[in-house]
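Student: The structure that follows is given in the form of structure tokens.
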Amino acid sequence: MLCDDCKNRPASIFFKEVLPDKTVELNLCEECASKRGLLGAKKLTPIEIMHKLLKQKSAQDEKVICPRCYMSLAEFKRVGRFGCAQCVATFDEHIRHFIKQIHQSDRHVGRKSQAGTKKGFEIYRLREDLKKALDNEAYEEAAKIRDKLKNYGIKDV
Amino acid sequence: MFDNIRWLIPSSDKTLPCGEENEIVVSSRIRVARNIESIPFELKMKQPDAEYLIGLIHSIIDGKIRGDFFDLKDLKPLERESLLECHLVSPGFTKKEKPTSVFINEGGNVSLMINEEDHLRFQGIGCGLNFSGLSSEVFRMDEFIGDNVDYAFSDRYGFITSCPTNIGTGMRASIFMHLPGLVFTNEVEKVLKGAMQIGMTVRGIYGEGSEIRGSLFQISNQHTIGFREGELLERITKLAKMIIDIENKARDVILTKARSEFEDKIFRSLAILKAARTIDSTEVLNLLSALRFGVGAGIVKDITLQTLNEIMVVSRPANIQLYFGELLEEHERDIKRAEYIRKRLGAG
């Protein structure tokens, strides 16, 4: 079968669109299909989409600054990385469409961060304090810290 | 057996049993990225932050999960390279300037990188198609840490990662497939293009750019937000099964039309591996591919896939040096590699 458009090359792409009043059928060669814009452009990977989007700069970018790590939106667009957890909330309105274009979604539906006991930070701090107390030969203080650690269920202090 | 490769643990009751389709699916992997709310991310992190994070995770795990910590600065360059060859760390991780540490569980199949691009990167690897077993091991470790710290999490965007391409679940699942049938029948490109159309990334592994070695391909999910973890794993499993079907059909065609030629190729590959006195790692990969095909088709009977998997890992450049416990120049490596393979295949 020859291409409907050029009537020269063999047709290799068969296109069918059902409209309310009629059905359009086209048998095209690759070149003519591409001329009609029927062949999707090469599918970009999320990283390629991200780099394309990061190039869209605005005069405001320097003024949107994360209060925690001081990363500006302009810097984010240069490096493509967040500086801290707070950046996402700071840049929210600027990155929502951006995340959506990269992932075709901007809404997390997966696992949630669990409440848990979150005692890891405190235990670690106490352990560090204990080391310092022992280094300084402050044995009374060390004993107090040991008791606190024991309250957390840590036996081997 | 692997005294010098401390993290290479021969399969035991502590490792995850092999999943299904383990000839075509060489391995399944899951990587989960997490960050701590109160600590700056990689770009804004200072040396003390990095040290604090390592100390914090050491203190949390503290023998409650069986395994070992390795600080990368304490390892020899060859050992760092070996961790990479065993797929326990990422390529970028071995090059970081900040302090980095990796925890490897006692089964040698789940690792936790500290101070990668994200604060924490959990990674699990298992042979065959086995996402359910693997994901429960990886998420168990993730939950254990998450119970002790505040992860960076947003209700809308999920787990916040350093790079927006990982945000949401922070999870990337991948399968390594051995597809000699599709490579031989020239169908591989078509099938892999189809995979890309449905949101998967595909690349040849071992080999730069488009050069394909050992007919091995990696397929992984591109999108990390908008799907539940289980859905992502289901999609990739479904795709793997589809590709396995097409691969098996291609192999049937090959074996019907050209059985003698293929048997010849398989047994010649085996003969070379059993007899070679010097061999480079690319040749090993290509010969192993033919042999794997032979084992899968039941043509080669006295060799197990487990042996082939071991040879694939141990014969890599850094691992082979660690295995023999000496630094070797390239040509010495090729000689020792041939020696190891002969021994492993019972050819002395």
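The values are calculated or read from the model by the stated rules, or taken from the named source; none is laboratory data. Here the structure is a predicted model, which is why all the values come from computation and not from measurement. All Cβ positions, even for glycine, are placed from backbone atoms using ideal geometry, and neighbour counts span all protein chains on display.
Student: (1) within 21 Å of B:Gly170 (Cα to Cα); (2) within 7 Å of another protein chain (Cβ to nearest Cβ); (3) not in a helix (DSSP H, G or I): which one isn't true of A:Lys112, the others all being true?
Tutor: It is condition (2) that A:Lys112 fails.
Student: Determine whether the stretch B:131-147 contains at least one residue that is in a loop (DSSP other than H, G, I, E, B) and in contact (Cβ under 8 Å) with a residue 40 or more places away in the chain.
Tutor: Scanning the stretch B:131-147, I find no residue that is in a loop (DSSP other than H, G, I, E, B) and in contact (Cβ under 8 Å) with a residue 40 or more places away in the chain, so the answer is no.
Student: Are any residues in the stretch A:48-82 basic (Lys, Arg) and in contact with a strand residue (DSSP E or B) (Cβ under 8 Å, 6 or more places away or on another chain), and if so, which ones?
Tutor: Residue satisfying the conditions is A:Lys63 alone.
Student: Within the stretch A:91-104, can you find the residues that are crowded, with 17+ Cβ neighbours inside 10 Å, part of a loop (DSSP other than H, G, I, E, B) and at the interface with another protein chain (Cβ under 9 Å from one of its Cβ atoms)?
Tutor: Result: no residue meets the conditions.
Student: Next question, about the same structure. Against the definition (of a type in the set (Gly, Ala, Ser), more than 14 Å from every other protein chain (Cβ to nearest Cβ) and closer than 23 Å to B:Phe153 by Cα), how does B:Ser132 come out, yes or no?
Tutor: Judged against the criteria, B:Ser132 is not a match.
Student: Being in contact with a Phe, Trp or Tyr (Cβ under 7 Å, 6 or more places away or on another chain) and among the hydrophobic types (A, V, I, L, M, F, W, C) is the filter; apply it to the stretch B:302-348 and report the residue that is nearest to B:Val25 (Cα to Cα).
Tutor: Looking at residues that are in contact with a Phe, Trp or Tyr (Cβ under 7 Å, 6 or more places away or on another chain) and among the hydrophobic types (A, V, I, L, M, F, W, C), I get B:Val314.
Student: Just to be sure before I move on: is A:Tyr124 of a type in the set (Ser, Thr, Tyr), surrounded by 15 or more Cβ atoms within 10 Å (Cβ to Cβ) and within 40 Å of the chain's Cα centre (by Cα) in the structure I sent?
Tutor: For A:Tyr124, the condition - of a type in the set (Ser, Thr, Tyr), surrounded by 15 or more Cβ atoms within 10 Å (Cβ to Cβ) and within 40 Å of the chain's Cα centre (by Cα) - is met.
Student: For the subset of the stretch A:127-157 comprising residues that are hydrophobic (A, V, I, L, M, F, W, C) and in contact (Cβ under 8 Å) with a residue 24 or more places away in the chain, which member is nearest to the other protein chains (Cβ to nearest Cβ)?
Tutor: So the residue we want is A:Ile154.
Student: May I pose another question? Across the stretch A:115-126, what is the number of residues that are touching a residue at least 12 places away in the same chain (Cβ under 8 Å) and facing chain B (nearest Cβ under 7 Å)?
Tutor: 2
Student: For B:Gly108, only one of the following conditions fails: (1) in contact with a Phe, Trp or Tyr (Cβ under 8 Å, 6 or more places away or on another chain); (2) more than 14 Å from chain A (Cβ to nearest Cβ); (3) in a strand (DSSP E or B). What is its number?
Tutor: (3)
Student: When the residues of the stretch B:327-338 are filtered to those that are among the acidic types (Asp, Glu) and within 25 Å of the chain's Cα centre (by Cα), which remaining residue is nearest to B:Thr278 (Cα to Cα)?
Tutor: Looking at residues that are among the acidic types (Asp, Glu) and within 25 Å of the chain's Cα centre (by Cα), I get B:Asp334.
Student: The conditions are (1) in contact (Cβ under 8 Å) with a residue 12 or more places away in the chain; (2) surrounded by fewer than 18 Cβ atoms within 10 Å (Cβ to Cβ); (3) in contact with a helix residue (DSSP H, G or I) (Cβ under 7 Å, 6 or more places away or on another chain); (4) within 14 Å of chain B (Cβ to nearest Cβ), and A:Tyr70 fails exactly one of them. Which is it?
Tutor: (3)
Student: What number of residues within the stretch A:16-38 satisfy the criterion of being surrounded by 15 or more Cβ atoms within 10 Å (Cβ to Cβ) and at pLDDT below 70?
Tutor: Matching residues across the stretch A:16-38 total 0.
Student: So, A:Val88, is that one part of a helix (DSSP H, G or I), free of Cβ contacts under 8 Å to residues at least 24 places away in the same chain and at the interface with chain B (Cβ under 7 Å from one of its Cβ atoms) or not?
Tutor: yes
Student: If we scan the stretch B:325-344, do we find a residue that is under 30 Å from B:Ile254 (Cβ atoms), in a helix (DSSP H, G or I) and in contact with a His (Cβ under 9 Å, 6 or more places away or on another chain)?
Tutor: Within the stretch B:325-344 (the criterion being under 30 Å from B:Ile254 (Cβ atoms), in a helix (DSSP H, G or I) and in contact with a His (Cβ under 9 Å, 6 or more places away or on another chain)), the answer is no, since none of the residues qualifies.
Student: Sticking with this one: Give the residue that is farthest from B:Thr224 (Cα to Cα), with candidates limited to residues of the stretch B:160-202 that are within 7 Å of chain A (Cβ to nearest Cβ) and assigned to a strand (DSSP E or B).
Tutor: Among those that are within 7 Å of chain A (Cβ to nearest Cβ) and assigned to a strand (DSSP E or B), it is B:Thr201.
Student: Check off (1) touching a strand residue (DSSP E or B) at 6+ places or on another chain (Cβ under 9 Å); (2) assigned to a loop (DSSP other than H, G, I, E, B) for B:Gly126 and give me the number that stays unchecked.
Tutor: So the condition that B:Gly126 fails would be (2).
Student: Give me a count of the residues in the stretch B:33-91 that are within 13 Å of chain A (Cβ to nearest Cβ), within 30 Å of B:Cys127 (Cα to Cα) and among the small types (Gly, Ala, Ser).
Tutor: The number of residues fulfilling the criteria is 2.
Student: Among the residues of the stretch A:42-72, write down those that are of a type in the set (A, V, I, L, M, F, W, C) and out of contact with any Lys or Arg (no Cβ under 8 Å at 6 or more places or on another chain).
Tutor: Within the stretch A:42-72, A:Ile47, A:Ile49, A:Met50, A:Leu53, A:Ala59, A:Val64, A:Ile65, A:Cys66 meet the criteria.
This table checks each residue for (1) in contact (Cβ under 8 Å) with a residue 60 or more places away in the chain; (2) buried (at least 16 other Cβ atoms within 10 Å of the Cβ); (3) touching a strand residue (DSSP E or B) at 6+ places or on another chain (Cβ under 6 Å).
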site	(1), (2), (3)
B:Phe227	no, yes, no
B:Glu247	yes, yes, no
B:Arg251	yes, yes, no
B:Phe262	no, yes, no
B:Ala275	yes, no, no
B:Leu285	yes, yes, no
B:Gly298	no, no, no
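Student: Scan B:Glu51, B:Glu20, B:Glu116, B:Glu85 and give me the residue that is more than 24 Å from B:Thr237 (Cβ to Cβ), surrounded by fewer than 16 Cβ atoms within 10 Å (Cβ to Cβ) and acidic (Asp, Glu).
Tutor: After ruling out the rest, the residue left standing is B:Glu51.
Student: Which one is nearest to the other protein chains (Cβ to nearest Cβ) among residues in the stretch B:238-268 that are among the β-branched types (Val, Ile, Thr) and over 23 Å from B:Leu308 (Cβ atoms)?
Tutor: B:Val253
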